[in-house]
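Okay, structure first, notes after.
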Amino acid sequence: MAAQESASTTAEYVKSRRSSLISAIFLMATSAIGPGFITQTATFTVTLGAAFAFGILASIVIDFVVQQNIWRVVTLTKMHSSEIANATIPGSGYLLAILVIFGGLIFNIGNIAGAGLGLNALVGLDPKWGGLISALLAIYIFSSRKASTFIDRLIIGLGVVMIGLTLFVAIASNPPVGEALRQSVLPDTVDFAMITTIVGGTVGGYICYAGAHRLLDKGAVGIENINIVSSAATKGILVVGLMRYILFLAILGVVASGVTIDISGHAANPASQAFQAAAGNFGLRIFGLILWAAALTSVIGAAYTSMSFLTAFKSSITERQRNVATILFIAISLIVYLFMGTAPAALLVFAGGFNGLILPIGLTLFVYIGWKRTDLMSGYHYPRWLLWSGVITCALTWYMGVMSVSTIFNYLK
């Protein structure tokens, strides 16, 4: 009898751990593939053509280094990122928390805007009403007593839908795959400002902490889980990378066919134009569903992750208190969106650029922890190859961030 109970407990633990890893993977993936990335990818693919494949590959490589370092450190220290930073350099956690929360707020305004654009393309609803309905749905989710389970299932389900529908459009657009693969490593043009913006939109700000904090809240921590967590981070990056390339190819196929896509005006929605050109009005509806799914999951991811940084100011915050703060965070984002005058597409691009400037700050702290603060990680011997990769990535993201400042603000003019 005792053996049966032990086996049952073990099976439940394995199932719970697998569920935690899958939810963390999809929270990271759906946060990285938000409306900002969709808009940015369409805009930059029209501008650079197949050469933008290099930017996609660069974002995946940077993402791998960033996620592996952050997931590993959070797992080993058993602390949220802001708490880790404060334990390493007093006060740095407050700075990181403020930057991530502010960046997350900007991103979330853009996410709600993206949800409005998605419902507009899907059913013709006014973008303001679409954003309102989507934000209220996210608020309802966090007000539920089973919010955690609801979030996991919704994010996984919508993530699978996004990948499947985008793959359909990519096949329909018939992109020059061979040329895209060649220019992934031998691009005709390299634009660091655009790469920084796309990295910021898929790795920067709150996004790089989403999966790690989800695992922490689920209890998948400690040296005993490090190999599993590292594997989960890699799988998450593969999911994100697959979605990035499929979306890029879907739009590239339209651009390569000679269709003119307008990216000049603030009201332009290049991604919707590309999907409509690839599959007619049905393609436009598909785009609407993909954008709405990406936006809703990103609203949830941005709010959840940004509010997880509140532990920098109050370490004993309860799950209920954090859910209330998350609801207020979404409500503030919604109010700003409803009253602001900036067009959604411009805001989505700006949000990615701003978060790209936050990325090197947080990554620098985590790489420093890996080098110097093994005491916070129970004496774990941190892989040197990963640390050196982190150093190189830090230098690259700092350089790209400085170079892109003027370009980022041009999107709001």
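Fully extending the segment from Asp262 to Arg153 would add 35.6 nm, taking 0.36 nm per residue of separation and subtracting the current Cα-Cα distance.
With a cap of 14 neighbouring Cβ atoms within 10 Å, and only residues DSSP puts in a loop, list the trypsin sites (Lys or Arg not before Pro) found in region 129-236.
The qualifying sites are Arg145, Lys146.
In this structure region 34-411 gives 37 Å² per residue of accessible area when probed at 1.4 Å with all protein chains present. The charge dipole of the chain, taken about its Cα centre with unit charges on the Cβ of Lys, Arg, Asp and Glu (plus for the first two, minus for the last two), comes to roughly 640 debye.
Mean projected area of the Cα convex hull of the chain, taken over all directions, amounts to 20.2 nm². The gain in end-to-end length when the Val61 to Val336 segment is fully stretched comes to 95.6 nm, 0.36 nm per residue minus the alpha carbon separation. Spin-label model, His381 to Ser316: label points 7 Å out along the Cα-to-beta-carbon direction sit 4.0 nm apart.
Projecting the Cα atoms of Ile112, Gly93, Gly222 onto the charge dipole of region 34-411, computed from C-beta unit charges around the Cα centre, puts Gly222 farthest toward the positive end. Taking every DSSP helix (H) stretch of at least 4 residues in the chain, weighting each as -39,500 (n - 2.57) and dividing the sum by the residue count yields a mean residue ellipticity at 222 nm of -28500 deg cm²/dmol. Just the protein heavy atoms count here, and of the accessible area of the chain at 1.4 Å, carbon and sulfur take up 67 percent.
Listed cross-link partners Lys78/Lys235; Lys314/Lys372; Lys218/Lys372; Lys235/Lys314; Lys78/Lys146; Lys146/Lys372 are compared with a 30 Å cut-off, the Cα-Cα value being larger for Lys235/Lys314; Lys146/Lys372. Residue separation of Lys78 and Leu238 scaled by 0.36 nm, minus their Cα-Cα distance, works out to 55.1 nm of gained length.
The values are calculated or read from the model by the stated rules, or taken from the named source; none is laboratory data. None of these values were measured; they are calculated from a predicted model. Methodologically, a virtual Cβ is constructed for each residue, glycine included, from the backbone with ideal geometry; neighbour enumeration extends over all protein chains shown. Keep in mind that these areas ignore ligands, DNA and RNA; they rest on the heavy atoms of the full protein, side chains included. Shrake-Rupley method; radii C 1.70, N 1.55, O 1.52, S 1.80 Å.
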